Amino acid sequence: MLGFQPYETFNLLIETGGVDRTNTLLIAACDAYARRGKPTSPEMEQFETLAARLFPVAGAQARAKGAALLGRAETLSPLLEGLVVAHIGEDLIGFLEAAPELSEATMLDIIARYDVAAAATLARRQDLTNVVLAKLFQMNSRKVYRALADNTSIVPRGAYLSALARSAQMDHIVAESLAKRSDFDAALLAPAFFDLSDQDRVKVIHAFAHRETPLAPIKKTIEQISVANQELTRALMKLFSENRRPEVTKLLSQITGLDEVRCGQIAHDVTGASLFVVLRAFGCSAYDGLKVLIHATAHDNERSQALADFATLFGNVTADSMAYLMSAWRGEVNLLELAKPEYRPFIENSRRTPLQNTHNPIVEEAIEALARIGIKRAS
């Protein structure tokens, strides 16, 4: 078989040759099988029988070497996969990464061991069955969930969507991975808003554009505070222009009901993303809101483009949706409700949608007005 002596001769050598001879036979047989290419059914059956006898008798080093050689074979049956996984030792991760195919039985066996590194490697594969996915999602491991979040072959819906969204709230790396995916609703990343990059924070806000949201609990707090928009924006402009951000923190804490730690993050967020959420939640218009953002942000050369983006967002996101986002920061809402049909965006993004014009008259007017006044923008 496979260029060796007849199968009966192998049996005789195993029975009479001792461990050293068995080690030699195992390595030679595994190497020959790996070089064989795609074997016929009879050849695979004979080799399965031979390997099942050789592996238990051979020494530890020979088993590991034989498994490593066997792992390079073009075709492995579930039985042979099981032998490789059982004996390959430190090379297991490499085998799981390189194997063109893995049976469901082998994957489930690896998951059952609760080998986190091996399970995380499986979670990156493109050939996962629903049964295997269900088992992986049941594992309480950050490494596994980070791998699942990176795996674009997994469609985030149903129970998988819920599990990934919950994991994003606890692990910023999962949140960052999901924010980069076009098939994941970025609105579900609202609780992880302050762990995201500048670009991804704006992406979360964009996810609320042209979208109805459930009633936000914080809306009652906003309605109970009799603060005129112009008074609010005037106060914030003055504080930001004088770089009195600790006082901005206290003011935001008084009017939003958010804790001081969160308000401190908003006050010191030089991207303006979190401040935009607050301003829009209180119903500020683009003109008034941008006057505050000009003082609060530090966009340097990209300033005009960033402000143009916010100007568009003032028109595309409602005050209620930003109030809902603020409630998500306080953990008061079940974000998975956004997956319901009535709360999905009613204008889908299209590749044919032209890029927004960066020459936004509202932005240009606000910047020119600021230059005329001569107020020094906070750094």
Search result, residues across the range 82-130 that are touching a Gly at 6+ places or on another chain (Cβ under 9 Å) and without any contact (Cβ under 8 Å) to a residue 24 or more places away in the chain: Val84, Gly94
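Could you grab me the full set of residues in the range 211-226 that are surrounded by fewer than 14 Cβ atoms within 10 Å (Cβ to Cβ) and either touching a helix residue (DSSP H, G or I) at 6+ places or on another chain (Cβ under 7 Å) or not acidic (Asp, Glu) (or both)? Spell out how you get there, then give the answer.
Start the filter on the range 211-226 by keeping residues that are surrounded by fewer than 14 Cβ atoms within 10 Å (Cβ to Cβ), which leaves 215, 220, 223-226.
Selection gives Leu215, Lys220, Gln224, Ile225, Ser226.
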Selection from the range 195-222 of residues that are among the charged types (D, E, K, R) and touching a residue at least 60 places away in the same chain (Cβ under 8 Å): Asp198, Arg201, Arg211, Glu212, Lys219
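Considering only the range 194-242, state which residues are part of a helix (DSSP H, G or I) and hydroxyl-bearing (Ser, Thr, Tyr). Reasoning before the result, please.
Here is the first cut: in the range 194-242, the ones part of a helix (DSSP H, G or I) are 194-195, 198-206, 218-224, 229-241.
Result: Thr221, Thr233, Ser241.
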Matching residues in the range 59-116 - criterion: being exposed (fewer than 15 other Cβ atoms within 10 Å of the Cβ) and either of a type in the set (S, T, N, Q) or not in a helix (DSSP H, G or I) (or both): Gly59, Gln61, Glu74, Thr75, Pro100, Glu101, Arg113, Tyr114
Condition check for Gly257: in the same structural domain as Arg234 (by TED's automatic domain parsing), touching a Ser or Thr at 6+ places or on another chain (Cβ under 6 Å) and within 29 Å of Glu212 (Cβ to Cβ): yes
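Which helices (runs of 4 or more DSSP H) sit wholly inside the range 243-316 and have at least 3 residues that are touching a His at 6+ places or on another chain (Cβ under 8 Å) and surrounded by 22 or more Cβ atoms within 10 Å (Cβ to Cβ)?
Working: elements: 245-256, 260-267, 273-281, 286-296, 303-316.
Helices (runs of 4 or more DSSP H) meeting the threshold: none at all.
Do we find that Ala120 is at pLDDT 95 or above and surrounded by 15 or more Cβ atoms within 10 Å (Cβ to Cβ) in this structure? I'd like the intermediate steps shown before the answer.
Working: at pLDDT 95 or above: yes; surrounded by 15 or more Cβ atoms within 10 Å (Cβ to Cβ): yes.
Criteria met by Ala120.
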Top-ranked residue in the range 176-188 [being touching a residue at least 24 places away in the same chain (Cβ under 8 Å) and assigned to a helix (DSSP H, G or I); ranked as farthest from Arg280 (Cα to Cα)]: Ser177
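The values are calculated or read from the model by the stated rules, or taken from the named source; none is laboratory data. Here the structure is a predicted model, which means the values were calculated and not measured. Glycine gets a Cβ as well: all are built from the backbone with ideal geometry, and neighbour counts include every protein chain shown.
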